[in-house]
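Right, one structure below, let's go through it.
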Amino acid sequence: MQDKRLTPQYREEGGGRWFEDFEVGAVYRHWPGRTISETDNSWFTLLTMNTHPVHFDAAYARETEFGKYLVNSTLTLAIVVGMSVRDVSMRAIANLGWEQIRLIAPVFVGDTIYASSDVLEVRPSASRPGQGIVKVRTTGTKADGTVFMTFERSALVPMRGQ
């Protein structure tokens, strides 16, 4: 039996936007949100070899200005980017870069985070016919409405029929 994931039909059913589906000014609210657990934070921190104890040493963290574990900011970046994939880059050929990453407020174990993306720019690629570049500004927000992160991301997206 053929693996359906490899067929053009599956790619069509798999979702995501073609280049022509993006419009400057559109806002995509990414769903669902994600509650950060202590395990998420500890494992990610140790997996990425970040040895700062504020992420995994409770006694140390209690003595900081935060008074508790601080969630690793690269974990929150990874989760927020992941939240945006379905709406922004599900069909992307490549991510072209992340710019102007701003860490505005701390995220703590137990916080639930959400994200949204605003389309800033949509233009055909000058060097790759049948493809275009989409640039978005993504904002990470905690459940209480606090913005904790913003960044801009560009992706190379195929045009319909390519």
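Report every pair of residues separated by at least 6 positions or lying on different chains whose Cβ atoms are under 8 Å apart, first residue within the stretch 36-47 and closer than 13 Å to Leu70 by Cα and of a type outside the set (A, V, I, L, M), second part of a helix (DSSP H, G or I) and modelled with pLDDT of 95 or more.
Final answer for the pair search is Asp40/Leu75; Asn41/Leu75; Phe44/Thr74; Phe44/Leu75; Phe44/Ala78; Thr45/Leu75.
Considering the stretch 98-118 alone, what residues qualify as being part of a strand (DSSP E or B) and either over 12 Å from the mean Cα position of the chain (by Cα) or modelled with pLDDT under 95 (or both)? Break it down into steps so the answer makes sense when it comes.
At the first step, the residues of the stretch 98-118 found to be part of a strand (DSSP E or B) are 98-103, 112-118.
Hits for the stretch 98-118 are Glu99, Gln100, Arg102, Leu103, Thr112, Asp118.
For the subset of the stretch 115-133 comprising residues that are in contact with a Gly (Cβ under 7 Å, 6 or more places away or on another chain) and not charged (D, E, K, R), which member is surrounded by the most Cβ atoms within 10 Å (Cβ to Cβ)?
Within the stretch 115-133, the first condition is being in contact with a Gly (Cβ under 7 Å, 6 or more places away or on another chain), and the residues that meet it are 115, 119, 122-125.
Add one more test, that the residue is not charged (D, E, K, R), and what stays is 115, 119, 122, 124-125.
Details: Ala115: 23, Val119: 19, Val122: 19, Pro124: 12, Ser125: 17.
Filtering the stretch 115-133 for residues that are in contact with a Gly (Cβ under 7 Å, 6 or more places away or on another chain) and not charged (D, E, K, R), the one surrounded by the most Cβ atoms within 10 Å (Cβ to Cβ) comes out as Ala115.
Could you list all residues from the stretch 134-146 that are touching a Phe, Trp or Tyr at 6+ places or on another chain (Cβ under 9 Å), of a type outside the set (S, T, N, Q) and either surrounded by fewer than 19 Cβ atoms within 10 Å (Cβ to Cβ) or under 26 Å from Thr35 (Cα atoms) (or both)? Walk me through it before giving the result.
First, pick out the residues of the stretch 134-146 that are touching a Phe, Trp or Tyr at 6+ places or on another chain (Cβ under 9 Å): 134, 136-143.
If we keep only those that are of a type outside the set (S, T, N, Q) as well, we get 134, 136-137, 140, 142-143.
Passing the criteria: Val136, Arg137, Gly140, Lys142, Ala143.
Could you grab me the full set of residues in the stretch 25-37 that are surrounded by fewer than 14 Cβ atoms within 10 Å (Cβ to Cβ) and either of a type in the set (Ser, Thr, Tyr) or closer than 18 Å to Thr74 by Cβ (or both)? Working first, answer last.
Filtering the stretch 25-37 for residues surrounded by fewer than 14 Cβ atoms within 10 Å (Cβ to Cβ) gives 25, 27, 29, 31-32, 35, 37.
Correct list: Thr35, Ser37.
From the set of residues in the stretch 27-42 that are assigned to a helix (DSSP H, G or I) and charged (D, E, K, R), which is nearest to the chain's Cα centre (by Cα)?
Just the residues of the stretch 27-42 that are assigned to a helix (DSSP H, G or I), to begin with: 38-42.
Keeping just the survivors that are charged (D, E, K, R) gives 38, 40.
On the way: Glu38: 20, Asp40: 16 Å.
Across the stretch 27-42, the extreme among qualifying residues is Asp40.
Assess whether Gly140 counts as being in a strand (DSSP E or B), of a type in the set (Gly, Ala, Ser) and touching a residue at least 40 places away in the same chain (Cβ under 8 Å). Working first, answer last.
Working: in a strand (DSSP E or B): yes; of a type in the set (Gly, Ala, Ser): yes; touching a residue at least 40 places away in the same chain (Cβ under 8 Å): yes.
Yes: the conditions hold for Gly140.
Looking at the stretch 62-79, I want the residues that are farther than 27 Å from Glu152 by Cβ and assigned to a loop (DSSP other than H, G, I, E, B) and have a partner that is at pLDDT 95 or above and among the aromatic types (Phe, Trp, Tyr) with Cβ atoms under 9 Å, at least 6 apart or on another chain. Which pairs are those?
Note: pairs meeting the criteria are Phe66/Phe108; Lys68/Phe108; Tyr69/Phe108.
The values are calculated or read from the model by the stated rules, or taken from the named source; none is laboratory data. These figures come from a predicted structure and were not determined experimentally. Here Cβ is always computed from backbone atoms with ideal geometry, including for glycine, and neighbour counts include all displayed protein chains.
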